[in-house]
Amino acid sequence: MTTTPTALPEHALTTAADLRAVREQWGDLLVAIEQRPADTWPPVDNIRDLLAAVEDEPAAGRMPLVLRQHPAPANLTALDAALAVEAALFTACDSIAARYQRPVRAHLRGGGTATTGTMRVVVDESDRADPRRWTPSTVGPSGRTHAPGSRAHGLHWAAVWLEGRALGEDQDDRMFSPLGDDVLADLATVARRARRRVETALGRDGRTTVLPDPCPWCGGELLARTVPGGEPSATCQTGEQCPAPADLDRGRRTWRGADLAALWAALDGRRRAA
């Protein structure tokens, strides 16, 4: 049975949220490795690709979630971010498992005859195969990875596993011990840096960009914004006088998420007409 303590420190909840943000955006980062980075945000010439995850949410489940070799990556920034984040989370899993995960149970089993009885240690294979366990990779004599262990399941599982340790899950049967304050603080730093690295590589780190084209409806200045963990948006700076078919937000016409497709279509039509 899995339980979570009722009272958790604030940084444990923040760590879990950061790890969740990393794994939820991991598929986007892997896709970004194979796409040329845009000069501006949002990439108006290619906004359909930007919106693909918004318009077709189930597609995220079909993305390859395990980082593979990329012989000719189009976006080195995204690739470097993916490699660094993956290494950081895998290292954290190995370190925490070594200190806070219960060793595999073993039992003494008798053998031989009544006069020549012997005892031997037998490893509990069902306990060894418990899916909650993190199995570190093993390195052969040559220095190469001999068996990938739990790393074979990719970063997505590593983030889920670390989230469980931050929240104190699976402690009833002593599979895991509570993390020390110093270790939880270190994990919080790893998770925060990983999230920042992923969101920066994806252009979701809270930047604001002035688009090169004016509003197609009133000629006003267009500002595009990203919010960490949120959906992108664009606003016309003219105010309520702008006749664009978009919702008003704090007195400005605003396009969010899938609504950005309408803005892209209007900008594209204006460009073609010119």
Using a 1.4 Å probe on heavy atoms of the protein chains only, the accessible area for Val190 in Å², nearest 10, reads 40 Å²
With all protein chains present and a 1.4 Å probe, the order of Asp247, Asp170 from largest accessible area down is Asp247, Asp170
With +1 on each Lys and Arg Cβ and -1 on each Asp and Glu Cβ, and nothing else charged, work out how big the dipole of the stretch 138-274 is about its Cα centre, in Debye to the nearest 20.
660 debye
Exposure of Ile33 as accessible area (Å², to 10), given a probe of 1.4 Å and all protein chains:
0 Å²
By accessible area (1.4 Å), largest first, Val31, Val210 order as Val210, Val31
Which order do you get for Cys218, Cys242 if you rank them by accessible area with a 1.4 Å probe, largest at the top?
Cys218, Cys242
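The values are calculated or read from the model by the stated rules, or taken from the named source; none is laboratory data. From a predicted model like this one, the values you see are computed outputs, not experimental measurements. With ideal geometry, Cβ positions are generated from the backbone for all residues, glycine too; neighbour counts draw on all protein chains shown. Heavy atoms of the whole protein, side chains included, go into the accessibility calculation; ligands, DNA and RNA do not. Shrake-Rupley method; radii C 1.70, N 1.55, O 1.52, S 1.80 Å.
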